[in-house]
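Structure, as structure tokens:
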Amino acid sequence: MTGRSPRSDPAAIKGLVVAAALARGAGSVAVAPANPDAGARERMRDAFARGDFATWGYADGYARAACDPEHILAGAKSVICIALPYATPPPRRAPLQGRVSNYAWSRDYHLRLRALLAHLAAIVDEAAGAAVTAIACDTKPLAERAFAARAGLGWIGKHTNLIAARDGSFVFLGEIVTTLELPPDAPLRKTCGSCSRCVDACPTGALRGDYTIDASRCIADLTQRTDAIPRELRAMIGDWVWGCDVCQDVCPPTQRAGARGDEGMSAIDATVAAPPLVDLLRLRSGEFKRRYRRTAMGWRGSAVLRRNAAVALGNALDRSSVPALAASLRDDPHAMVRGHAAWALGRIASPPALEALRVRQSLETDESVRDEIALALEPFANRTPLGTA
Ligand code: B12
């Protein structure tokens, strides 16, 4: 015993937090100074000026707030950054089952991470003898990846995710901002070097290779947006129905790290992790809530998932899905879903698929769906309906 209480010893408080975080599943913990990150702000401003985050409506005010932890806690001096590994083995998938990103197939990570952060913040407050913390994870304006990189938790890769030195990029980030001046850790001097596997593998060309992303092309963004997915990008989405892991799956340090998520990160069940697409296309609100309310897929509502199922079926080009798509085009209460079902039927273009489109053409009252039907039928406009000649 030194006789020194943690209250007067920032290094001891840091030690307590690190030990408690690791004991509860964190892969790494490190501390960054909380002064404004001018470099990150500059990068964000450039990104917004290029329109990289146009679908998110971010503006300079967001960059200013996100790069200055004062906006979360007045008098902030340190940011304790936590990386929580979540990679778990992918589920087995049969044909016509959709692909869901690893981050979304488990119990909603926000609940786990916020509980961990609250626990750690209580330890700091207790040791300091006062309320000296605020927690952040995802929803507050804080450049989480920038502060994690500054703390040396890892480096930001060309896929723009933070790659933790030991755990790869499949890590969630969370922070405890505090007015205590804790001993900071040093940033890693690391980059992706000449590796560009993520850039080459990205199905939509969202990654530029200079550590920037056009988020409006990212499949994670496309599958979460609440309006129509641009037609020219739909075929590139493949069988993803929520999020996308391609850039991380091919990332060498992430591959080397392997499956480092614990039991709590594994898939809730097979229907959530690899949903049968026809079943997903028929999903209505009650069943949606029952199935997805505990996951990070629950917040956008059921129509978005039905739309994504229609796109994935259009990409699967399997004629057995035509009756379900035709029923969706006829009956789905959401015009956006009917429109994407029309697109999928046009892609499959079997005689029954084209017939369903023609029948619906004269009955559909929503203009956007009528446009989708017309575009789907356009390549076949001058042809006798197949199978009827
Ligand atoms: C909006 C958002 C999205 C959007 C936009 C993505 C994006 N690239 O920003 C969408 C829906 C596309 C998305 C997708 C994903 N997301 Co997201 N997302 C967010 C959220 C809520 C805000 C991010 C934000 O402010 N973006 C605006 C840009 C301008 O800011 P930025 O991300 O901080 O990026 C800048 C800085 O990092 C800067 N930078 C600063 N300093 C430095 C220094 C160097 C050397 C370099 C190179 C760069 C750099 O570079 C960027 C400039 O463009 C964060 C949580 C948060 N509050 O940070 C989670 C978050 C970034 N997402 C996360 C995850 C897990 C994902 C997905 C993997 C989910 C999935 N599988 O589908 C994908 C990954 C897609 C990708 N390749 O980026 C994790 C990332 C964890 C990690 N290891 O990095 C976060 C941190 C959530 C969390 N708490 O864990 N996401």
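Compute the separation of the alpha-carbon centres of the stretch 324-358 and the stretch 246-263 and state it in Å as a whole number.
Here the answer is 37 Å between Cα centres.
Fewest to most neighbouring Cβ within 10 Å: what's the order for Cys81, Cys192?
Values: Cys81 29, Cys192 20.
The order, fewest Cβ neighbours first, is Cys192, Cys81.
Mind putting a number on the dipole of the stretch 276-389 about its Cα centre? Charges go on the C-beta only, +1 for Lys and Arg and -1 for Asp and Glu, and I need it in Debye to the nearest 20.
Numbers: 18 positive and 12 negative charges, 127 e Å.
Here the size comes out at about 600 debye.
Around Glu232, with a cut-off of 14 angstrom between Cβ atoms, what is the net charge of the other residues, counting Lys and Arg +1 and Asp and Glu -1?
On the way: positive: Arg217, Arg231, Arg234, Arg347; negative: Asp214, Glu372.
Local net charge: +2.
Sort Ser28, Ser194, Ser266, Ser328 so that the residue with the fewest other Cβ atoms within 10 Å of its own Cβ comes first and the one with the most comes last. Before the final figure, lay out the partial values.
On the way: Ser28 23, Ser194 5, Ser266 18, Ser328 27.
In order of increasing Cβ crowding within 10 Å: Ser194, Ser266, Ser28, Ser328.
Show which lysines lie in cross-link reach of Lys14 when reach means a straight Cα distance below 19 angstrom and same-chain residues fewer than eight apart are skipped.
Lys77
Kindly rank 282-291, 155-164 from highest to lowest mean number of other beta carbons found within 10 Å of each residue. Don't skip to the answer; put the middle values down first.
Numbers: 282-291: 13.8, 155-164: 23.3.
Highest-to-lowest ranking by the protection proxy: 155-164, 282-291.
Rounded to whole Å and sorted largest first, what semi-axes of the equivalent ellipsoid does the C-alpha gyration tensor of the chain yield via the square root of 5 times each eigenvalue?
Taking √(5λ) for each eigenvalue gives 46, 20, 18 Å, largest first.
Sort the following peptides by mean Cβ neighbour count (other Cβ atoms within 10 Å, averaged over residues), highest first: 312-323, 171-182. Spell out each step's value before the answer.
On the way: 312-323: 19.3, 171-182: 24.0.
The most tightly packed comes first, giving 171-182, 312-323.
Using DSSP, restrict attention to beta bridges with both residues in the chain and report what percent are antiparallel, rounded to the nearest 5. Could the numbers behind the result be given before it?
Working: 24 of 26 bridges.
Roughly 90 percent of the beta bridges in the chain run antiparallel, per DSSP.
Looking at the stretch 107-232, I'd like the Rg to Rh ratio, where Rg is from alpha-carbon atoms and Rh is Kirkwood's inverse mean 1/r. It would help to have the intermediate numbers written out before the result.
Values: Rg = 17.5 Å, Rh = 16.8 Å.
Reported Rg/Rh (Cα atoms, Kirkwood Rh): 1.04.
Based on other C-beta atoms within 10 Å, arrange Met297, Met44 from fewest to most.
The order, fewest Cβ neighbours first, is Met44, Met297.
Bear in mind these aren't lab numbers, they're just calculated from the coordinates by the rules spelled out. As the structure is a computational prediction, the values presented were derived from the model and not from experiment. So basically every Cβ, Gly included, is an ideal-geometry build from the backbone, and we count neighbours across all protein chains shown.
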